[in-house]
Amino acid sequence: MKYMLLAYTNREAWEATTREWTATGQMPAEVAAACEFFAELGQELVASGEFVGAEGLADPAHSRTVRPSAGAPVATDGPFAEAKEVLVSYSIIDCATAERAAEIAARVVAGTGDTVEIRPLMSPTGEL
Amino acid sequence: MDTALARSLVPQVLGAVVRRYGHFDAAEDAVQEALIAAHTQWPVEGTPTDPKAWLIRVAARRLVDSLRADQARKRREEALAASADRDEVSVPDADDTLTLLFLCCHPALPQDAQVPLTLRAVAGLTTAEIARAFLVPEPTMAKRITRAKHRIRDHGGGFAEPGSLAAVLQVLYLVFTEGHMGRADLAAEAIRLTEHVHRLRGDEAEVTGLLALMLLTDARRAARATAGGALVPLAEQDRALWDGALIARGTALVEAALTRGAVFGPYALQAAIAAVHAEARAAGDTDWPQILALYHLLEQVTDNPVVTLNRAVATAMVHGPTAGLALTERVAERLATNHRLAAVRAHLWELAGEPDLAREQYLAAARQTTSTPERDHLLGRAARLR
């Protein structure tokens, strides 16, 4: 069964980290730690045969939103985050049980401090 | 070169090499190299008179070469190399496919490793093909297969203990249901492998039963979904689309399995149920009392609550929907998060003339399933009752 893990992070903390990075010119320790954590977890999931895909997202400042509208869909910049928590990364895993998916999600939470939502993927197959 | 011939020989070649030398993981690589050698040499030099013996001989030499490269195993290699030069590996009479199946379905392996390993080592599919079938990246599937091979190696080759035929049948059925649920080529592979096991172990009633179940299920393939991919329930399938030849063969096998088995096994019983459905020319002609009796027997040999749920449907068809609904209570707790419970209840409320209750259950089932075609079907049923 495949699951998508959606990690949400505190927007203000993300912005504070970016400010620190800009001010010092050094990658902040927590960013380095998160990078190292994801590299390790990725290797581990490839080795366990559970990895399907994972990506980190760019700053929400780059967001554009396309909305339905009369005539053609309309694209606008933003949203310029008003939400406290914003999507920061996603991964897709293929694992044996829902418990195992929760276990991997708990690792992400412990490794990054992010909040992780677990969503099973719809399967294209089925029978009655 | 006849690639189909070479591929069909892979399990026997691999089985023979592993039986003789062990080292499953290295042997598997060696057999792949032997296939490549065949691919380049046979068109030039001609197909050997005994292609299987040729492949075994070349694979054995490759295996020895690869082991020679491993300094840590130097002494053992020398003994192996000496024996390979002395007595070329004999082609055993016994079919090594079965030995290989026992190994790939070894209880020391987790189930999610048994299926891909069987597809790779026994069915001869490439890692890329298996990855596509399971919709995962190829490196991920390669790792699953490698891990499975390492486990066999760590377990000491696995040949010391006899394998379990029940485990083999379960893996073959898992491959079949993967295919049955949309990947036709896997269903065909499962039938091909089960046919093979049946030729070797047709004396086992459950082997016959499993083959019958697969053929009878596969017979309905063309009727199971519309051209657009929408699922069609059994009662509404166009029975003219059912494959009569497969049904005839499956039914004959069911009879053989039920005559032979001292105790009816779960595969033979499920096949018997499929055979009763198959013999009805129209859904209304279905012999539900007989199906109900078979579900009673099936319930006694398995602890699967879905069997009880199916018996509830058969009960409803014989004794009325209220009796069926009452029976669903018995598994309500165990199947609380399984969409099948709500789907069956929806169907039975519909039969009972309670469209509102039926609709509510169809919607609940649609929310619970993670299968897109099932969700679409359940929402369609709910919409019809509006």
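The values are calculated or read from the model by the stated rules, or taken from the named source; none is laboratory data. Model, not experiment: these values are computed from the prediction. Positions of Cβ are generated from backbone atoms using ideal geometry, with glycine treated the same way; all protein chains shown enter the neighbour counts. Ligands, DNA and RNA are stripped out before the accessible areas are found, and what is left, the full protein with its side chains, is counted by its heavy atoms. Shrake-Rupley method; radii C 1.70, N 1.55, O 1.52, S 1.80 Å.
Regarding the stretch B:323-335, can at least one residue be identified that is closer than 21 Å to residue B:214 by Cα and not β-branched (Val, Ile, Thr)? For the stretch B:323-335, residues closer than 21 Å to residue B:214 by Cα and not β-branched (Val, Ile, Thr): absent.
Does residue B:294 qualify as being more than 22 Å from the chain's Cα centre (by Cα), of a type outside the set (Phe, Trp, Tyr) and either within 21 Å of residue B:170 (Cβ to Cβ) or surrounded by 15 or more Cβ atoms within 10 Å (Cβ to Cβ) (or both)? Criteria met by residue B:294.
Within the bounds of the stretch B:315-338, is there any residue that is within 13 Å of chain A (Cβ to nearest Cβ), in a helix (DSSP H, G or I), closer than 30 Å to residue A:2 by Cα and open to solvent by 20 Å² or more (accessible area, probe 1.4 Å)?
Keep residues of the stretch B:315-338 that are within 13 Å of chain A (Cβ to nearest Cβ), which gives B:337-338.
Next, from what is left, pick out any that are in a helix (DSSP H, G or I): none.
Among the residues of the stretch B:315-338, not one is within 13 Å of chain A (Cβ to nearest Cβ), in a helix (DSSP H, G or I), closer than 30 Å to residue A:2 by Cα and open to solvent by 20 Å² or more (accessible area, probe 1.4 Å), which makes the answer no.
Collect the residues in the stretch B:101-141 that are hydroxyl-bearing (Ser, Thr, Tyr) and either open to solvent by 40 Å² or more (accessible area, probe 1.4 Å) or touching a residue at least 60 places away in the same chain (Cβ under 8 Å) (or both), keeping them in residue-number order.
Taking the stretch B:101-141 and keeping what is hydroxyl-bearing (Ser, Thr, Tyr), we get B:118, B:126-127, B:140.
Those that are hydroxyl-bearing (Ser, Thr, Tyr) and either open to solvent by 40 Å² or more (accessible area, probe 1.4 Å) or touching a residue at least 60 places away in the same chain (Cβ under 8 Å) (or both): B:118, B:126.
Residue-wise test of (1) more than 12 Å from residue A:113 (Cα to Cα); (2) in contact with a strand residue (DSSP E or B) (Cβ under 8 Å, 6 or more places away or on another chain); (3) at pLDDT below 90.
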residue	(1), (2), (3)
A:3	yes, yes, no
A:6	yes, yes, no
A:10	no, yes, no
A:16	yes, no, no
A:23	yes, no, no
A:27	yes, no, no
A:31	no, no, yes
A:35	yes, no, yes
A:40	yes, no, no
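When the stretch A:1-27 is examined, which residues are found to be of a type in the set (D, E, K, R), in a helix (DSSP H, G or I) and either within 14 Å of chain B (Cβ to nearest Cβ) or open to solvent by 60 Å² or more (accessible area, probe 1.4 Å) (or both)? Explain how you work it out, then say what you get.
The first filter runs over the stretch A:1-27 and keeps only residues of a type in the set (D, E, K, R), leaving A:2, A:11-12, A:15, A:19-20.
Pick out the ones that are also in a helix (DSSP H, G or I) and you get A:11-12, A:15, A:19-20.
If the condition is that a residue be of a type in the set (D, E, K, R), in a helix (DSSP H, G or I) and either within 14 Å of chain B (Cβ to nearest Cβ) or open to solvent by 60 Å² or more (accessible area, probe 1.4 Å) (or both), then A:12, A:15, A:19, A:20 are the ones that fit.
Scanning the stretch B:227-236 for residues that are open to solvent by less than 70 Å² (accessible area, probe 1.4 Å) and either among the β-branched types (Val, Ile, Thr) or farther than 14 Å from residue B:285 by Cα (or both) gives B:229, B:230, B:231, B:232, B:233.
Every test in (1) within 14 Å of chain B (Cβ to nearest Cβ); (2) assigned to a loop (DSSP other than H, G, I, E, B) is passed by residue A:53 save one, and that test is (2).
I'm checking my understanding of the structure. Among residues of the stretch B:360-386 that are open to solvent by 70 Å² or more (accessible area, probe 1.4 Å) and more than 27 Å from the chain's Cα centre (by Cα), which one is farthest from the other protein chains (Cβ to nearest Cβ)? Applying the filter and picking the extreme gives B:386.
The residue that is modelled with the lowest pLDDT, counting only those in the stretch B:211-266 that are of a type in the set (Ser, Thr, Tyr) and assigned to a helix (DSSP H, G or I), is B:259. In the stretch B:176-186, the qualifying residues are those that are in a helix (DSSP H, G or I) and modelled with pLDDT under 90, and the one that is surrounded by the fewest Cβ atoms within 10 Å (Cβ to Cβ) is B:184.
For the stretch A:106-128, a residue qualifies if it is over 30 Å from residue B:237 (Cα atoms), over 12 Å from the mean Cα position of the chain (by Cα) and either of a type in the set (A, V, I, L, M) or within 7 Å of chain B (Cβ to nearest Cβ) (or both), and the qualifying residues are A:106, A:110, A:120.
From the list A:82, A:99, pick out the single residue that is part of a loop (DSSP other than H, G, I, E, B), charged (D, E, K, R) and without any contact (Cβ under 8 Å) to a residue 12 or more places away in the chain.
Numbers: A:99 fails: part of a loop (DSSP other than H, G, I, E, B).
Sole residue among the options that is part of a loop (DSSP other than H, G, I, E, B), charged (D, E, K, R) and without any contact (Cβ under 8 Å) to a residue 12 or more places away in the chain: A:82.
Could you tell me whether residue B:207 is closer than 28 Å to residue B:285 by Cβ, in a helix (DSSP H, G or I), β-branched (Val, Ile, Thr) and open to solvent by less than 20 Å² (accessible area, probe 1.4 Å)? Answer is no for this residue.
Given the criterion touching a residue at least 12 places away in the same chain (Cβ under 8 Å) and farther than 30 Å from residue B:110 by Cα, identify the matching residue among A:54, A:34.
Values: A:54 fails: farther than 30 Å from residue B:110 by Cα.
Answer to the check: A:34.
Beta carbons closer than 7 Å, at least 6 apart along the sequence or on distinct chains, pair a first residue in the stretch B:237-255 that is more than 21 Å from residue B:284 (Cβ to Cβ) with a second that is of a type in the set (Ser, Thr, Tyr) for B:253/B:208. Within the stretch A:66-123, the set of residues being surrounded by 11 or more Cβ atoms within 10 Å (Cβ to Cβ) and of a type in the set (Val, Ile, Thr) comprises A:74, A:86, A:88, A:92, A:93, A:104, A:108, A:109, A:112, A:115, A:116, A:118.
When the stretch A:7-44 is filtered for residues that are under 16 Å from residue A:55 (Cα atoms) and in contact with a Ser or Thr (Cβ under 8 Å, 6 or more places away or on another chain), the ones remaining, listed by number, are A:7, A:8, A:9, A:31, A:34, A:37, A:38. Residues in the stretch A:28-47: is at least one within 14 Å of chain B (Cβ to nearest Cβ) and touching a Pro at 6+ places or on another chain (Cβ under 7 Å)? Yes; the residues of the stretch A:28-47 include at least one that is within 14 Å of chain B (Cβ to nearest Cβ) and touching a Pro at 6+ places or on another chain (Cβ under 7 Å). Note on the stretch B:118-137: among residues that are assigned to a helix (DSSP H, G or I) and within 11 Å of chain A (Cβ to nearest Cβ), the one that is farthest from residue B:179 (Cα to Cα) is B:131.
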